[in-house]
Amino acid sequence: MTKALCSLPWLHLATHPHGGATLCCQSEMENGLSAAANFDGKDPITLNERSIPDLINSKTFKEVRLAMLRGEFHPACGPCWERERLGVMSKRQFDSRRFPLSFEEAKSLTAKDGSIKPDIQFAELRLGNTCNIKCITCNPNSSNTLGKEYEELRKKPEMKFLRDYSWVKPDMSNWTKDEKFWDSLSEHSSNFKEVYINGGEPMLIKQHMAFLEKVVKDGRASKVRLTYSINMTKLIENLRPYWKEFAEIHFACSIDAWDNQNFYIRYPSPWKVVTENFAKLRSWGHRPHVVQTISALNFYNLDDFYEKWQSIFPESVIAYNDVFDPPWFSPLIIHPDLRHKILEKLKKKLPQNLSTHLERMYGGETHSTDLWPVFKRHIKAMDDYRSNNVLEYFPELEAFLNLHSESLR
């Protein structure tokens, strides 16, 4: 793999609830920089009006492929370059190993204008925004239940920093119901190796059930890895016969904190249901793993979560995902001196792979000073709307901040 090459722009389809596509789920989303578009991100195209080949060969995607072939770092891939600079494994590195593509192969597949013949080996399908929870680090594009809250909060003058999601409409995910999309996906994925299902919440999205049935019936499931990203509030037992037909199946379980802290962040996740469903997946013979989204809220208690989780589910794999958007939820809003103190605490209990990830991501001197008050305004507004109080859910973090003349409120 050359210093700038990533296999995903050649072998990958990453859809989003509104029908648009980006280079991948971790590419630069700000100002539509990595979105399939024909005029510098100003006219994103979606599967509601256009075809899979149209998106894969949009101006954005062609430009990125040509930049990579020139050995250049395209800004749409900025998050990966930043992670690699910090010594943290990037999606580029991780997925290029799973879906290898040499420089010579990429060059031979690419026309002079950067276009390719679609050959989807890996699809990340976010099939609409139907969701039953309202994560505080999420947005209406991924959870329809957040729409009303955002609409009400943006009416407040002090909350104008929130993005306007008025463009999110109930019909925006009509593409998931269109047989032309599913037929096109089959047509352009003769070398299908993996499908990742997300939402919204996949267990609430009926279209994905028909899709699994289709893959099983056309005989392709035995060659495909199936990966879910689920919030653990619901499982569909009648999908089990389909799951058994896939080459592999993985469950990435979004659980951000312990018990009532998880309830607060992933509001209103019922802890009893979350843990019971995790246990159920294990009893069915699966090896689900936890994906924690690291934010300024759960950063202080990551060691506590790890110890408690391992006490009830020994040998569970726990992986980290980092908040990039909205940026005011990233641990980088915490002063470096305080982050370093927290990291020293975490190192004592976390395994080396997790503490190393945190050290590389948050151990530097980067400090988004202007975002701390934005974070507090967002928390306060959400608390008022939901009749919550962050201080009651994160007393240890608040006590730590108080020692250093700071507070969550």
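The values are calculated or read from the model by the stated rules, or taken from the named source; none is laboratory data. Computed from a prediction, not measured in an experiment: that's the story for all the values here. As a convention, Cβ positions derive from the backbone with ideal geometry for all residues, glycine included, and neighbour counts pool all protein chains shown. Each accessible area value is taken on the protein alone, full model and side chains, heavy atoms only, with ligands, DNA and RNA left out. Shrake-Rupley method; radii C 1.70, N 1.55, O 1.52, S 1.80 Å.
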For region 158-245, with all protein chains present and a 1.4 Å probe, just round the carbon and sulfur fraction of the accessible area to a whole percent.
47
Amide proton proximity set for Thr293, modelled H, under 5 Å, gap of 5+
Ile255, Asn321
Counting only other residues whose beta carbon sits under 10 Å from that of Arg220, what net charge do I get with K and R as +1, D and E as -1?
+1
Report, to the nearest whole %, how much of the accessible area of region 9-80 belongs to carbon and sulfur atoms, 1.4 Å probe, protein only.
54
Where a ≥ b ≥ c are the square roots of the eigenvalues of the C-alpha gyration tensor, would you call region 262-409 rounded, which needs a/c under 1.5, or, failing that, prolate if a/b is larger than b/c, or oblate?
oblate
Let me know the shape class of region 174-215, please: from the alpha-carbon gyration tensor, a ≥ b ≥ c as square roots of the eigenvalues, rounded when a/c is under 1.5, otherwise prolate if a/b is greater than b/c, or oblate.
oblate
Under a Cβ-Cβ limit of 4.7 Å, which cysteines in the chain have nobody to pair with?
Cys6, Cys24, Cys25, Cys77, Cys80, Cys131, Cys253
Enumerate the residues in region 334-375 having an amide nitrogen under 12 Å from the point lying 7 Å beyond the Cα of Tyr165 toward its Cβ.
none
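Over the chain, give the accessible area per residue in Å² for a 1.4 Å probe, as an integer.
I get 44 Å² per residue for the chain.
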Can you compute the charge dipole magnitude of the chain about its Cα centre, using +1 on each Lys and Arg Cβ and -1 on each Asp and Glu Cβ, nothing else charged? Give it in debye, rounded to the nearest 20.
500
All lysines inside 25 Å of Lys341 as judged from Cα atoms, apart from same-chain residues fewer than 8 positions distant:
Lys308, Lys349, Lys376
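Would you mind calculating the gained length between Asn321 and Glu396 on full extension (0.36 nm times residue separation, minus the Cα-Cα distance), in nm to one decimal?
Gain in length upon complete extension: 24.8 nm.
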What FRET efficiency comes out for the pair His250/Met209, r = Cβ-Cβ distance, R0 = 22 Å, nearest 0.05?
0.75
Region 159-309: C-alpha gyration tensor shape, a/c 1.5 cut-off, then a/b vs b/c
oblate
Out of all DSSP beta bridges with both ends in the chain, state the antiparallel percent to the nearest 5.
20
To the nearest 10 Å², what's Val273's accessible area with a 1.4 Å probe?
50
Of 156-163, 128-135, 49-56, ordering from highest average Cβ density within 10 Å down gives 128-135, 49-56, 156-163
For a label point 7 Å along the Cα-to-beta-carbon line of Glu63, residues of region 5-41 with backbone N under 14 Å
23, 28-41
Please find the FRET efficiency linking Trp284 to Lys347, where r is the Cβ-Cβ separation and R0 is fixed at 35 Å, and quote it to the nearest 0.05.
0.50
Could you name the lysines in cross-link range of Lys107, using Cα to Cα under 19 Å and dropping any fewer than eight places away on the same chain?
Lys3, Lys59, Lys62, Lys117
Rounded to the nearest 500, what is the 222 nm mean residue ellipticity of the chain from helices alone, with -39500 (n - 2.57) per DSSP H run of 4+ residues and division by all residues?
-10500 deg cm²/dmol
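Assuming 0.36 nm per residue, please report the length gained on full extension of the stretch Glu49 to Ile312 beyond their Cα-Cα distance. Provide the component values of the computation, followed by the final result.
Numbers: separation 263, 0.36 × 263 = 94.68 nm, distance 4.80 nm.
Difference between extended and current length: 89.9 nm.
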Could you look at region 273-409 and say what percent of its accessible area is carbon and sulfur, using a 1.4 Å probe and all protein chains?
50
Could you give the size of the charge dipole of region 312-409 about its Cα centre, using +1 on the Cβ of each K and R and -1 on the Cβ of each D and E, expressed in debye and rounded to the nearest 20?
120
Ordering of 341-347, 308-314, 384-390 by burial proxy (mean other Cβ atoms within 10 Å per residue, highest first):
341-347, 384-390, 308-314
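Would you mind getting me the FRET efficiency between Arg225 and Glu151? Use the beta-carbon distance for r and R0 = 56 Å, nearest 0.05.
Plugging the Cβ-Cβ distance into 1/(1 + (r/R0)^6) gives 0.90.
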Point-to-point label distance, Ser186-Glu158, nm (Cα→Cβ direction, 7 Å offset)
5.5
